[in-house]
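Reading through the structure tokens given below for one structure.
The values are calculated or read from the model by the stated rules, or taken from the named source; none is laboratory data. From a predicted model like this one, the values you see are computed outputs, not experimental measurements. Quick reminder, even Gly has a Cβ in these numbers, built from the backbone with ideal geometry, and neighbours come from all protein chains shown.
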């Protein structure tokens with residue numbers, strides 16, 4: 001390993017050391033809260049209103 005690569009590794013390790021660590025139980029609680037908060041806005045979970053849906057087709061296929 002050359003010197004520059006070792007410096008990058010040390011910088012990476014220092015960065016990871018400085019990150020906030022939380023218990024998995026706390027991370028799960030935060031994740032569940034985030035999901036519950038964003039669920040009403042999610043178009044894949046909640047069917048969007050047909051009138052406000054920008055991807056809805058306005059007419060049927062002209063070929064068929």
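Among the residues making up segment 33-49, those that are surrounded by fewer than 10 Cβ atoms within 10 Å (Cβ to Cβ) and either in contact (Cβ under 8 Å) with a residue 60 or more places away in the chain or not in a loop (DSSP other than H, G, I, E, B) (or both) are 36, 37, 40, 41.
Give the residue, chosen from 63, 28, that is modelled with pLDDT of 90 or more and on the phi < 0 side of the Ramachandran plot. Working first, answer last.
On the way: 63 fails: modelled with pLDDT of 90 or more.
Answer to the check: 28.
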